[in-house]
1. If you fit an axis through the alpha-carbon atoms of helix B:95-104 and take the longest principal axis of the Cα set of chain B, what angle between them do you get, 0 to 90°, nearest 10?
2. With a ≥ b ≥ c the root eigenvalues of the C-alpha gyration tensor of the protein assembly as shown, is it rounded (a/c under 1.5), prolate (a/b larger than b/c) or oblate?
3. For the stretch B:2-118, what class follows from the C-alpha gyration tensor (a ≥ b ≥ c being the square roots of its eigenvalues): rounded when a/c is under 1.5, otherwise prolate if a/b is larger than b/c, else oblate?
4. So what's the net charge close to C:ASN757: Lys and Arg +1, Asp and Glu -1, counting the other residues with Cβ under 11 Å from its Cβ?
5. For chain A, with only Lys/Arg (+1) and Asp/Glu (-1) charged at the beta-carbon, what is the dipole magnitude about the Cα centre, in debye rounded to 20?
6. Using the Cα centre as the reference, give the magnitude of the dipole from point charges on the C-beta atoms of chain C (Lys, Arg: +1; Asp, Glu: -1; all else neutral), rounded to the nearest 20 debye.
7. Within 10 Å of each Cβ of C:893-902, how many other protein chain Cβ atoms are there on average?
8. Check which residues have an amide H placed less than 5 Å from B:MET119's amide H, if you skip close sequence neighbours.
Amino acid sequence: MENFEPVIVAFCCHYCAYTAADMAGSKRLCYPPNVKIIKVPCSGKVDAIHIMKALEMGADGVYVAGCLDGDCHFKNGNIGAAKRVAYIKKLLDEIGIGGERVEMVLMSAGMGERFAQTATEITEKIRKLGPNPVKSVNEAKTAA
Amino acid sequence: MITAERKPMEELIECLRPYHRILLVGCNECVTVCSAGGRKEVGILSSALQMAFMKEGKTLDVKEITLERQCDPEYVEELVTHIDQAEAVMSMACGCGVQEIAGRFKSKPVFPALNTTFMGASERQGVWVERCQGCGECVLALTGGICPIARCAKQLLNGPCGGSTNGKCEVDPDIDCAWQLIWDRLKALGLEDRYEDNIAAKDWRTGRGGGPRKIIREDLVK
Amino acid sequence: MQAQDTLKQNNTVLVIGGGVGGIRAAMDLAESNRDVVLIDKSYSIGGLMTQLDRTFPTNNCDLCTLSPDLSEAGRQLHIELLAMTQVAEAEGEAGDFKLKLITAPRYIDLEKCTACGDCFNKFPECVRFTPGLDHRAPTCMRYPQAIPHAFSIDMEKCNDVDALVQVCKAGAIIPEDTQKVREVEAGAIVLAPGAEVFAPDKLDSLGYAANPDVVTSLEYERILSASGPTQGELVRPSDGKQPKKIAWIQCVGSRSIHEGAASYCSSVCCMFALKETIVTKERFQDSIETTIFYMDMRTFGKDYELYLNRAKNDYGIRLVRSRPHSVFHDSETGRLSIIYSPDDGGSNLTEDFDMVVLSTGFKISEDVQELAGKLGIELNEHHFAKTGGFSPVSTSKPGIYACGMFESPKDIPETMVQASAAAFCASKDISILSEPIESIDEFPPERDVSQEPLRIGVFVCDCGLNIGDVINAKDLADYAGTLADVKRSEMVGYGCSRETMKHIQDVIREKELNRVVIGGCSPRTHETKFQDTLRRAGLNKYLVEIANIRDQDTWVHFDRPEDASDKARELIRMAVTSVALSHPLTDNVFPMKKDVLVVGGGVTGMNAALNMADMGVKVYLVERSGELGGVAKNIHKTLEGDDVQAYMKDLIERTTQNDRIEILTNAFIVDHTGMPGMFKTGFQIAPQMFYRQIEHGVTILATGALPNQPKEYLLGEHNNVMTQLDMDAMLEDQPDKIKDLSNVIMIQCVGSRCPENPNCSRICCQSAIKNALRILELNPTVRIFVLYRDMRTYGFQEDYYKKAREKGVIFVRYEADTPPEVQAADEQLQVTFNDPILNRKVSVYADYLCLSTGLIADEESTEDLGRIFRIPKTSDNYFLEDHIKLRPIDLPVAGFFVAGTAHAPKTLRECIAQAQAAAGRAHCLLAKDTLNLGAAIARVDKERCTACLICVRACPFNIPFINADGYSEIDPAQCHGCGICAAECPAKAIQLMQYEDDQILAKLAGLLERVN
């Protein structure tokens, strides 16, 4: 697993994290290319199924990035998202995939640095965890 | 509504271990409302089961179907076109639904994904509480609309036991003492006198004591 | 820019100042179809607010809330934005102003600049950026969402112009750029130039100039800010270490007699300092001690008192009532010593701090005073715009309106109110509307693509070299061409340039494409542009997907080009798989019924009604009681001496005589249904209680508040105990009674700032001062005591407070836990209170005891109306607006607006401003014949819905309901498009348009299928 490059899906709220990611861009702050962003109107829009499917399809890590406490454009979508992520973590622990592959992070639109730093930290963490155990079977399936 | 909770994943994985292709059947009634076995939970469990299998180097094909109501034969009939492709069925309905499927498809193993818990009400979003035990002879008219059968740990019919402290049950201080609630309610209704009336011993034959029950409406029977 | 020729100039409003107020005004005007020229002397709009880290009282950053407004302002078709522009000359009258504008050279072509930052990276010294404190942030736009989204070059600092020009691959740098002069004709002018921060360098005793660790509050804000010079690290400027003990000194440059300082109160600094201390505590807890030195804690705004209580009780902010006279630098310890005299009159104390923050006040800059001179408007003695007593945003010159800080010191919500009010007044001067620009005929009819097989077109932009320098855009386009259903894939240079847009349209038509993917920059900034391109090519605008391969790929992975290429392929794949599932969506458009319902017939309601009637719409003015007038009918004079009775008489007359206003008195609202543009509200009208229903497009709530009558200090029991309102009436009706008085005592905060009514009533300090001065006018020998907790004479009211002190009114402070005691002594009253300076109890016999009882929410009406209209309330029963900072007039239910004391206690003048603002906001909605709510709304599949109520409970805006047919219904007119219901629905019966589940899963599949 020396050259393991994890694939990480980041569901980013349009109003904060997605903008922060753009800002990391305009500041040219490098972070690992492993993170791929899917834009959502609010972190509260991220369905538990989306997170599960991402892992089932072979993503090594998933995180949901919402606004800071009290900053949600829709009042409390970020709080709901955080609870949902906590629920999924437990479920993943139960099936032995490991809840630590999923995270909820909060940031404001101005936090380009935080975005880059979070992306780096999560990538490192997932790299240490190693590949999503479902992946080898998926590969075998594709090969077959 | 009938409330239920998902069984531990380990138990579910264990009973599906011998199979490669299953039908995962949700129910669009009570268990959807209590977020235990609706279309969404079917999607999440399907994903979780497949991942659990893949992690062990195996695969599990899951066909997801959510029926309008699993406890009615006409809806269960919708499974006919899919049942042959599946080696087993996992039902996310209450016990009624599981048995309905098992009864219809006699040669297929059918497994419950949920523990059916109680008949209850939503206290608020995400919290369900037991309100009825289906005893077959409702006493709510006598008890100010609060059921001592479902809400008193000892099912007492004539006042609280000695364990009632500050309006809470001795079984768990988070549980309200049903008889305290009944008293408060009678007082609010100005019916304190009723508290003195004895409720006669209950005939439990209308409940589980008389064995499995059945309702027949002659006028509706075809 | 050619816009000059197309604008109907005399029909234009010139808005001067691009801060939050100017932006609000410009957007209100544009929304109501007026053409606007918005000028700002800076190179991007946003003003002071964009420099703040967080704003009180929510402690939110709010830039995210504001930035969509900023970009909307940049995009609005009615708005021409001229940055770096000032007024050189002005002449003319209302309806016909002629102005000469001078625009300084930016040396950047706004059309070409993509804000890539290449110029800044190579030549940082030539690019302008000065947002306070340490003089350079990582990006030289003032904030990440800057509008115009372009750089600005300081040519004087540039040594090698050729090299600079070369570095811009877009060719946007124009060294030969010169100052531009242009003439603009305008029908009206809105002034929102803001104020500048008092520069404390002249106050030697505070050591600002000498000590780097003495900073202004705005500089402290920049230190805290994530986009600031230290990227949010809180460190001392002198040594880069984190401070352990920080002091705030209030009223620097305000309430002052120093040279160059102002005598008025700057109104916002108390909250500003509290916010900074709380944010500091939130981030560093007990590792930083925070102390505020203050004179009076002036937290008089809506819910601000609760904020003060939180600061004291929850965060342990130390508040010291004292005005320190000096700050010394101790060269041995490197710390700052503050010398102050304690409140109890004891001897001087010295205390050391690591950092000192000066809460500097606001003043009007000389530039702005000069501007006022050019426009010929009068300024008051403090150089702020002089406006009318009952016309709070009208300057001395008809057709010119002032708002925000330029009118008087104020916070953001009040600025927003005045901005909407000023915009509305200006729009009344512009009688002829220009045509709505969003004319559909520019666009060809949409092609029906429902039966067509997928034909996806991919356009990969190289964005100059921003993308092309890191990855091979051509290869990427070739790769995209191999993906399923992609019929055409090509690389384009600068996808957002006009020629390329045109080219993309041609290719869509030629190749009969029916889905489009753009590989380029962020959809946040460019989606609208490409949606337009699709519409021009005859496609529905929701058939495009943008893969953000610049901001989120080549810009951040330039160090790893191969990985960047891989990622770009993945992003394009995700966009292709997802766009394949997109389908045409229709924006939700509703017809607009133009009648207005105004609830409440007090001064606010009448003003709102008259203003709306002036715009030619029918107004229903509903009043619960038998007559118009409300509380203001019992007020005689304002603090400034204006005659309220005469004003009210005229106002009531004008209202009752207006043909467009139908007044319904004794009317109670009983039911309400519908959506903006088509509301239906039912009334019962006393005494017969017959029922009537009216249809209306918008609703303005002006239900007011009630004069508080707490059972305290013998009020209602003793003849000579009265409220300030009673005193106001006595001064007018029975002046003789004043002649014989010797002692009058006033007690402040009676029934306010207490557990039963925790907030400040805002108006009582000024009414006490007003009555005290009027008593002394009639009888200069009366001894008047004012027992107070904090004197909250904000803004120019401070002048009257000062005058009262000069005239001998005795102000004695009391603490909440040791209130004065009152006993009846025959006709007199014996008042016993603690004198904090003598530190002993003092008893005074008073002829009259005046209680400053303030206002209390009209719980009965807000309770009923809140329930009927589904409008939330604050904990103390005032209506809760949509956004307490940026949308103080709009209620969370679309089509509803609040004004006056139903929002929070406020003065008459403030009520009038809010009434004008509410009329303005309502007018913005009504200016359209239809209401477009976009397409991102939640849709329920009724076959799947189990009516479980989860969406009903999960929606942050209470929009879904279970309808008569037994399934959840989501009103598209009210859905905000967050998608929370869709994510929570256990039956998967709800989909959020534009973000449907299958599209999100398709993105995952597009990303992960090759991984598998």
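1. Long axis of B:95-104 versus the principal axis of chain B: about 40 degrees.
2. oblate
3. Numbers: a/c = 1.74, a/b = 1.22, b/c = 1.43.
Here the stretch B:2-118 falls in the oblate category.
4. The answer is -3.
5. Working: 18 positive and 16 negative charges, 56 e Å.
Roughly 260 debye for chain A.
6. That gives chain C a dipole magnitude of about 480 debye.
7. That average works out to 0.
8. B:THR3, B:ARG131, B:CYS132
Throughout, read-outs are computed from the coordinates displayed, never taken from laboratory work. This one's a predicted model, so the numbers in the text were calculated from it and none came from an experiment. Note: ideal-geometry Cβ built from the backbone for every residue, glycine included; neighbour counts use all protein chains shown.
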